[in-house]
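Data first, discussion second: the structure below is written as structure tokens.
The values are calculated or read from the model by the stated rules, or taken from the named source; none is laboratory data. None of the values given here were measured: they were computed from a predicted structure. All Cβ positions, even for glycine, are placed from backbone atoms using ideal geometry, and neighbour counts span all protein chains on display. Each accessible area value is taken on the protein alone, full model and side chains, heavy atoms only, with ligands, DNA and RNA left out. Shrake-Rupley method; radii C 1.70, N 1.55, O 1.52, S 1.80 Å.
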Amino acid sequence: MRVSIFFLLILSLPAWSRAGPVAVDDLVEQVQVAGLGQQPAWLALLHYKPGLFSGKWQSQADDDDFFFSAQGRTDPQVELEATLRAMLQPSETNHAQCRFPARWHWLKQQLGLLPGYDAACPKLEAWMKRVGSERLTLIFPVMYLGNPGSSFGHTFLRFDNNESVMLSQALNYAADNDPNDGMIAYVFNGVFGGYTGVFRTRNYFETVQIYSDIENRDIWEYRLDFSPEEIRQLARHIWEVTDIDFDYFFFDENCSYRLLALLDAAKPESDLSFVHAFPLYAIPVDTVRALEQKNLVLEKQYRPSLASQIQVTWKKLTGSEREWLIQLAEAEIRPGYVVDLPLSDEKKIVLLEQAYTLLQFRDQADTNQAEAMLVARSRLSGERELMVVQPEPPESGHDSARVAYVYGQKKYGQSDRAFIDLRLRPAFHDLIDPAAGYVKGSAINVLDLQLHWLPQDDRMRLESLRFFNIVSLNPVADWYAPLSWQLDVRLQRQQLTPDNVDLAFIARGGAGYSADLAGMTLFVMAMAEADASDEYAQDYSLLTGGQLGMSLNFGLGQMLLLAENLNATSGFDMDKDKLSTELQFNLDRNLGLRLGYQRNRYQGFDDEEWFVGVQQYF
């Protein structure tokens, strides 16, 4: 009797839920009626986004191999029907199920198809075994100004099992650029979509070496709230997008945005990559905030770079100990000499390990001296605990965009004029913004706009537009002497005469050194500037000179003091002396009060201004 009931139950199932011939047309009709082509999971798997203005669906995948239908890029329903027909074709080499396993897995769930319809996919099975599914972690190496593509930071994913995380697989998305591209070509292609993006996986320990050792970047790790089944679905989708072209842009379709789109494929209800959340650009720290706002971050961990580790230990050493450490790293003394010193074993361990870390930082860990350090260290028992003070996490800092409402007065010769400014900066951080969560001494501003209203004349004008401004203050130490530098490209009004204010194109840069002293960062740079304006006597001016500066972060805010002298060397003869100071009091994480004074001295006349403004971050 039981056998007869079971047999009747089997017969009552739809034909396509049993491992047998499938009525494909019936299935297609079913997905049409159910409207599966508009389901968030399907839209996420195909990377469909509504046009910002048109609202029509468009896949962000830029590769015909990603679609089964010629209309698949713009029609989710048509692509779903074509995918379903391809999935249920007889077994063949490179079967559709093997190429797009995340789509197949989702379709099986929606249609109640049994595993009996699965094609054999040995390469896929091997891939799934390699990728951990116990935990998923977002990795965030902080901003690094040595690489334009990582100026705002970088993000990638790590897949963990119950083994060492260093053996876990890490997924990275980056521009597929030509290593021979120069800096200008790299920036141009990155900004205007001249590169495609590629997904790459490697062991996590290799990735950590790239970011924390070679590029000297602290790393933050965010464990995400994804179940093992969601992680497996994410791994299936990664298999699908490997070798698929996506246009890569530094500012919007970058590493962070693309990873959010991947996470949507595994957890579509989160809608992390919603187009209106990132309409123009996606900054890595903003994507971390998006994960926190969705309550998807379970815990976070700080991993200091080699430079941070060295600096922390260096401050605790005596003068003699610092000298021994440098001598060890320079191979002026042998490690055995340190072992024989009248020091505690704990102090000897610190010196040997720190000297070896310094050689790692210098990419000299494969030298005979480094090997001798490891041998000497093995003769000493005990462990050293590195006590690195954890900084504020990046997402705790101010939001990336800023608007400022400013009132001030400017003096030209004997006349004073009041002005009201509206200033808007889409991204990202300057040296006077709240410092918490940002890399000390680093600033990058993009499309910083200043509109100037003169009440006396009842007119609004463009005062300045900074296309980009970058400052990198890297303080020197006894063990390291990096360059500090800056780069600035903008349109800026200049006071050519007491009665003539003209908009000029200005490109300037500088390089020098900085040092930390009593809580201040002092810096000196050699400067060069090129100006262009049709109001100049010779249409251009080339200037060289120097800049002195001081940056200070104190309890209530930040301060920046600059003194600069530039002398014309070619073209229009207009020397410049500038003295300026700005001070900001932080009223809240996203609110500040900024005061400023500036004096410019040109040949024959001066101008000066002061201002006060409210800075709102959003």
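Mind telling me which of the residues Ala511, Ala537, Ala526 ends up being surrounded by 14 or more Cβ atoms within 10 Å (Cβ to Cβ) and either assigned to a strand (DSSP E or B) or in contact (Cβ under 8 Å) with a residue 24 or more places away in the chain (or both)? Can you show your working first?
On the way: Ala537 fails: surrounded by 14 or more Cβ atoms within 10 Å (Cβ to Cβ); Ala526 fails: surrounded by 14 or more Cβ atoms within 10 Å (Cβ to Cβ).
Going through Ala511, Ala537, Ala526 in turn, the sole match is Ala511.
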Within region 403-418, take every residue that is in contact with a Gly (Cβ under 9 Å, 6 or more places away or on another chain) and at pLDDT 95 or above and give me the one that is most open to solvent (accessible area, probe 1.4 Å). Tyr405
Is there a residue in region 432-443 that is under 29 Å from the mean Cα position of the chain (by Cα) and among the acidic types (Asp, Glu)? yes
Would you point out which residue out of Ser227, Ser270, Ser256 is of a type in the set (Gly, Ala, Ser), more than 24 Å from Cys98 (Cβ to Cβ), modelled with pLDDT under 85 and over 21 Å from the mean Cα position of the chain (by Cα)? Ser270
Please enumerate the residues belonging to region 586-618 that are touching a residue at least 60 places away in the same chain (Cβ under 8 Å), farther than 16 Å from Leu422 by Cβ and of a type in the set (Lys, Arg). Arg589
Residues of region 32-54 being in contact (Cβ under 8 Å) with a residue 60 or more places away in the chain and either open to solvent by less than 20 Å² (accessible area, probe 1.4 Å) or closer than 20 Å to Ile244 by Cα (or both), in sequence order, are Leu36, Ala41, Trp42, Leu43, Ala44, Leu45, His47, Lys49
Given the conditions (1) surrounded by fewer than 16 Cβ atoms within 10 Å (Cβ to Cβ); (2) touching a residue at least 12 places away in the same chain (Cβ under 8 Å), report the number of the one that Ala518 does not fulfil. (2)
Quick test for you: out of Leu113, Leu138, pick the one residue that is in contact (Cβ under 8 Å) with a residue 40 or more places away in the chain, aliphatic (A, V, I, L, M) and more than 30 Å from Ile210 (Cβ to Cβ). Leu113
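Can we say Glu395 is outside any strand (DSSP E or B) and either under 24 Å from Val142 (Cα atoms) or open to solvent by less than 50 Å² (accessible area, probe 1.4 Å) (or both)?
Numbers: outside any strand (DSSP E or B): yes; either under 24 Å from Val142 (Cα atoms) or open to solvent by less than 50 Å² (accessible area, probe 1.4 Å) (or both): yes.
Against the criterion (outside any strand (DSSP E or B) and either under 24 Å from Val142 (Cα atoms) or open to solvent by less than 50 Å² (accessible area, probe 1.4 Å) (or both)), Glu395 qualifies.
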Given Gln71, Gln109, which one is surrounded by fewer than 16 Cβ atoms within 10 Å (Cβ to Cβ), more than 32 Å from the chain's Cα centre (by Cα), within 26 Å of Asn254 (Cα to Cα) and not basic (Lys, Arg)? Gln71
Taking Val389 as the residue in question, decide whether it is of a type in the set (Val, Ile, Thr), surrounded by fewer than 19 Cβ atoms within 10 Å (Cβ to Cβ) and assigned to a strand (DSSP E or B). no
Taking first residues from region 76-102 that are open to solvent by 50 Å² or more (accessible area, probe 1.4 Å) and second residues anywhere that are β-branched (Val, Ile, Thr), the pairs with Cβ under 6 Å that are 6 or more apart or on different chains are Arg85/Val24
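Please specify each residue of region 63-75 satisfying the condition of being of a type in the set (Phe, Trp, Tyr) and without any contact (Cβ under 8 Å) to a residue 60 or more places away in the chain. Lay out the reasoning, then the answer.
Going residue by residue through region 63-75, those that are of a type in the set (Phe, Trp, Tyr) are 66-68.
Residues satisfying the conditions are Phe67, Phe68.
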Against the conditions (1) closer than 27 Å to Leu291 by Cα; (2) in contact with a Phe, Trp or Tyr (Cβ under 8 Å, 6 or more places away or on another chain), where does Leu424 fall short? Just the number, please. (2)
So which residues in region 478-489 are within 28 Å of the chain's Cα centre (by Cα) and open to solvent by 30 Å² or more (accessible area, probe 1.4 Å)? Tyr480, Ala481, Leu483, Trp485, Leu487
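It is to be established whether one or more residues within region 434-445 are in contact with a strand residue (DSSP E or B) (Cβ under 7 Å, 6 or more places away or on another chain) and open to solvent by 50 Å² or more (accessible area, probe 1.4 Å).
Of the residues in region 434-445, the ones in contact with a strand residue (DSSP E or B) (Cβ under 7 Å, 6 or more places away or on another chain) are 434-435, 438, 441-445.
If we keep only those that are open to solvent by 50 Å² or more (accessible area, probe 1.4 Å) as well, we get none.
Checking region 434-445: not a single residue is in contact with a strand residue (DSSP E or B) (Cβ under 7 Å, 6 or more places away or on another chain) and open to solvent by 50 Å² or more (accessible area, probe 1.4 Å).
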Within region 344-363, take every residue that is open to solvent by 50 Å² or more (accessible area, probe 1.4 Å) and farther than 12 Å from Leu306 by Cβ and give me the one that is farthest from the chain's Cα centre (by Cα). Ser344
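Give Ala185, Ala126 a once-over and let me know the one that is at pLDDT 80 or above, more than 17 Å from the chain's Cα centre (by Cα) and surrounded by fewer than 15 Cβ atoms within 10 Å (Cβ to Cβ). If you could, list the steps in order and put the result at the bottom.
Working: Ala185 fails: at pLDDT 80 or above.
Every option except Ala126 fails the conditions.
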State whether the residues of region 195-212 include one that is crowded, with 17+ Cβ neighbours inside 10 Å and at pLDDT 85 or above. yes
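Taking Trp57 as the residue in question, decide whether it is open to solvent by less than 70 Å² (accessible area, probe 1.4 Å), under 36 Å from the mean Cα position of the chain (by Cα), at pLDDT 85 or above and at negative phi.
Criteria not met by Trp57.
Quickly run through region 491-508 and pick out the residues that are part of a strand (DSSP E or B) and open to solvent by 30 Å² or more (accessible area, probe 1.4 Å). Talk me through it step by step, then tell me what you get.
Looking only at region 491-508, we keep the residues that are part of a strand (DSSP E or B), and these are 491-497, 500-508.
Scanning region 491-508 gives Leu491, Gln492, Arg493, Thr497, Asn500, Val501, Leu503, Phe505, Ala507.
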So the check is Cβ under 6 Å with 6+ separation or different chains; which pairs have a first residue in region 153-177 that's surrounded by fewer than 18 Cβ atoms within 10 Å (Cβ to Cβ) and a second one that's among the hydrophobic types (A, V, I, L, M, F, W, C)? Met166/Phe205; Asp176/Val198
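Filter region 364-373 down to the residues that are open to solvent by less than 90 Å² (accessible area, probe 1.4 Å), part of a helix (DSSP H, G or I) and either without any contact (Cβ under 8 Å) to a residue 12 or more places away in the chain or among the aliphatic types (A, V, I, L, M) (or both) and list them by number. If you could, list the steps in order and put the result at the bottom.
Let us first name the residues in region 364-373 that are open to solvent by less than 90 Å² (accessible area, probe 1.4 Å), namely 364-365, 367, 369-370, 372-373.
Those still in the list that are part of a helix (DSSP H, G or I) too: 369-370, 372-373.
Of everything in region 364-373, those that are open to solvent by less than 90 Å² (accessible area, probe 1.4 Å), part of a helix (DSSP H, G or I) and either without any contact (Cβ under 8 Å) to a residue 12 or more places away in the chain or among the aliphatic types (A, V, I, L, M) (or both) turn out to be Ala370, Ala372, Met373.
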Could you list, in sequence order, the residues of region 571-605 that are open to solvent by 40 Å² or more (accessible area, probe 1.4 Å) and touching a Ser or Thr at 6+ places or on another chain (Cβ under 9 Å)? Phe572, Asp573, Arg589, Leu595, Tyr597, Gln598, Arg599, Gly604
